[in-house]
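Following: one structure in structure tokens, then a few remarks.
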Amino acid sequence: MANNRIAILAALSVLSVIAFLTIGLRGNIGFVLELRAIKLVALLQVGVSIAVSTVIFQTVTGNRIVTPSIMGLDALYLFGQMALVFALGGLGYSALNPQIKFAGEVLVLMALACALLLPMLRSRLDMGLMLLAGVVFGVLFRSLHSLLARLIDPNEFAVVQGASFANFNAVRTDLLAFASVLTVAALILAWRARHVLDVVSLGSDTATGLGITWSRTVAGLLVLVSALVAVSTALVGPVAFFGLLVVALAERIVNTRRHAVLLPAAALTGIVILVGGQTLFQHWLGSSSTLGVVIEFFGGIAFLLLLLMRSRT
Amino acid sequence: MIRIENVSLSHQATPILHNISLTIPKGGVTALVGPNGAGKSSLLSLVARLQPLQTGAISIDGLPVDTTSNRTLAKIAAILRQDSVVASRLRVRELVGFGRFPHNRGRLNETDRAIIEQSLDQFDLADLAGRFVDTLSGGQRQRALVAMAFCQGTDYLLLDEPLNNLDMYYARDLMRSLRQVADENGKTVVIVLHDINMAGAYADRIVAMKGGRVIADGAPTEMLTTPVLQDVFGFAMQVATINGKPIVLHHL
Ligand SMILES: Nc1ncnc2c1ncn2[C@@H]1O[C@H](COP(=O)(O)OP(=O)(O)O)[C@@H](O)[C@H]1O
Ligand SMILES: [Mg+2]
């Protein structure tokens, strides 16, 4: 059954991709197609990265209501980005190749995420504490981010300010090549970790009993999540509830938490919503820039529903 | 053989285990008994490397638990925790199948499948195999967790109060299964029990703990006596003899 549903999701994804590329083709077709293809690659990466990072993060935390962005990882990325500009701006950092800067930002996020989250993940926190910690992290790093922004002179501030808001319409295509390599590598690793993820979802004691070295495994998974969060945040900016929406939907569609099924299902659901939604909004539902708002709206509702369902049981 | 040497444990400044030394030879059923808070679960979780060793040494079959790779140990000893919760939405067959993870890293082969079906049968779970674990009763879930530990196919089974939630039928059934694997397959079972009569009937040896220390240790006939039990549990209970076996009337 789950396999049929994945096939349907795959078919919908392909349809979305074809529609995105071909609907309303006019003028210099070769040129327009190339533009669209570049944007498509970015959207695919963002959809898949957010979906997969959310699945892994929820499994590691044992909590289906938190996502990397709810735990403030995207704020942490933006903070790390700002901190690099702040620390190295005087050394000509801003003039460096954007892909090299991106690589630096990814490494900074990986280090910060491990340093902050590993102590929390040694044992499982209950949902309330986890959410609270996430809110605190989010506020803290957003504030630190704007503090640094104020300290930096206006020219350098402009370098990072552009990337602080999600916009599926304005994608950072200059980062695409490096981001693609990173995404593909992370996805391969995530797929290879699918059985380990199943065991991790049983919790630290059971997983340890089954031969998993908990802290090392969790650190590795956090590095993976950091890479994927960095990709999506760098390409389109922070997205609060998209991951939650995608994974909640995917889990209901395939009705299992086994990662061999859930990982592809979530990735495909992310593609359908992002690429399909972008096509719909671009051609029929007014401006494509509203897609982000609509996704966050439904994602926010999904968050509230999950919270209500959880607090009732 | 499980060798525990001079093991102490404390949480913050509170001492929990005091210099425990205990050797459990290979094969047979050893019951760990004692009042709540005696440190039975703490000791078992140290043996099963679920928490780091602070002082002393523990080894299983000569392998020190703090330096041997987790993967190797998972093929030697299986642990069932007292308060296992199944966080994930899983079917019973999937849960039991996780017991094979140390051997196959998640890729089930025919042997694994056969072992899983055998464990499901042994614990009367065949009818429940397709059910989600979170829809089971406490006792059914407990049986699924025990089946998972069995499935791991290890020489050592460390079970912390596995009779929790089990009715009389399944409690007896589990004890008989444990006796059987100990006798026929040479497995070593260390089991925390509250029912002293279960310990008397099925264990080869009873180790009594209290206040973080081992205070008595011996065969059931030596342990199930009024003075020893009063020392351990703090009240006098009658011990009757039925068919030559001691039966503790602890409820009177
Ligand atoms: N994580 C912990 N932090 C502080 N004290 C603990 C912790 N775990 C257990 N203890 C204490 O250690 C003692 C032994 O607990 P435990 O090993 O669970 O006993 P038993 O299993 O014999 O009932 C108890 O007094 C308990 O309160
Ligand atoms: Mg206990």
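If the condition is being open to solvent by 40 Å² or more (accessible area, probe 1.4 Å) and β-branched (Val, Ile, Thr), then region B:210-237 contributes B:Val214, B:Ile215, B:Thr221, B:Thr225, B:Thr226.
Open to solvent by less than 60 Å² (accessible area, probe 1.4 Å), more than 16 Å from ligand 2 (Cβ to nearest atom), touching a helix residue (DSSP H, G or I) at 6+ places or on another chain (Cβ under 8 Å) and within 12 Å of chain A (Cβ to nearest Cβ): is that true of B:Gly27 in this structure? The answer is no for B:Gly27.
Scanning region B:84-99 for residues that are at the interface with chain A (Cβ under 9 Å from one of its Cβ atoms) and within 13 Å of A:Thr206 (Cα to Cα) turns up B:Ser84, B:Val85, B:Val86, B:Ala87, B:Ser88, B:Leu95, B:Phe98, B:Gly99. Residues in region B:31-60 that are open to solvent by less than 10 Å² (accessible area, probe 1.4 Å), away from ligand 2 (no atom under 16 Å from the Cβ) and more than 14 Å from every other protein chain (Cβ to nearest Cβ): 1 in all. Every test in (1) modelled with pLDDT under 95; (2) farther than 27 Å from B:Ile79 by Cα; (3) crowded, with 22+ Cβ neighbours inside 10 Å is passed by A:Val223 save one, and that test is (3).
Just one of A:Thr208, A:Thr213 is in contact with a Leu (Cβ under 6 Å, 6 or more places away or on another chain), within 30 Å of B:Lys75 (Cβ to Cβ) and at pLDDT 85 or above; which is it? First the steps, then the outcome.
Numbers: A:Thr213 fails: in contact with a Leu (Cβ under 6 Å, 6 or more places away or on another chain).
Criteria check complete, one pass: A:Thr208.
Residue check: B:Gly212 meets all listed conditions (1) in contact with a helix residue (DSSP H, G or I) (Cβ under 6 Å, 6 or more places away or on another chain); (2) touching a residue at least 40 places away in the same chain (Cβ under 8 Å) but one, namely (1). Among the candidates B:Gly212, B:Gly186, the residue that is within 16 Å of ligand 1 (Cβ to nearest atom) and away from every other protein chain (no Cβ under 14 Å) is uniquely B:Gly212.
Taking only pairs six or more apart or across chains, which ones have beta-carbon atoms under 8 Å, a first residue in region B:147-175 that is in contact (Cβ under 8 Å) with a residue 12 or more places away in the chain and part of a helix (DSSP H, G or I), and a second residue that is surrounded by 23 or more Cβ atoms within 10 Å (Cβ to Cβ) and among the charged types (D, E, K, R)? Here the result reads B:Cys151/B:Arg100; B:Tyr170/B:Arg143; B:Leu174/B:Arg143, each pair linking region B:147-175 to a residue that is surrounded by 23 or more Cβ atoms within 10 Å (Cβ to Cβ) and among the charged types (D, E, K, R). A:Thr213 meets all of the listed conditions (1) of a type in the set (Val, Ile, Thr); (2) closer than 22 Å to A:Gly292 by Cα; (3) surrounded by fewer than 21 Cβ atoms within 10 Å (Cβ to Cβ) but one, namely (2).
Of the helices (runs of 4 or more DSSP H) lying entirely inside region A:187-243, the ones with 1 or more residues being within 23 Å of the chain's Cα centre (by Cα) are found at A:194-200, A:214-236.
Residues checked against (1) away from every other protein chain (no Cβ under 14 Å); (2) at pLDDT 95 or above; (3) away from ligand 2 (no atom under 16 Å from the Cβ):
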position	(1), (2), (3)
B:Asn164	yes, no, no
B:Tyr169	yes, no, yes
B:Leu174	yes, no, yes
B:Gln180	yes, no, yes
B:Val192	yes, yes, no
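Considering the conditions (1) open to solvent by 10 Å² or more (accessible area, probe 1.4 Å); (2) within 14 Å of another protein chain (Cβ to nearest Cβ); (3) hydrophobic (A, V, I, L, M, F, W, C); (4) in a helix (DSSP H, G or I), B:Ala114 is excluded by exactly one of them, (2).
The values are calculated or read from the model by the stated rules, or taken from the named source; none is laboratory data. Owing to the predicted nature of the structure, the values given are computational and were not obtained by experimental measurement. Methodologically, a virtual Cβ is constructed for each residue, glycine included, from the backbone with ideal geometry; neighbour enumeration extends over all protein chains shown. Heavy atoms of the whole protein, side chains included, go into the accessibility calculation; ligands, DNA and RNA do not. Shrake-Rupley method; radii C 1.70, N 1.55, O 1.52, S 1.80 Å.
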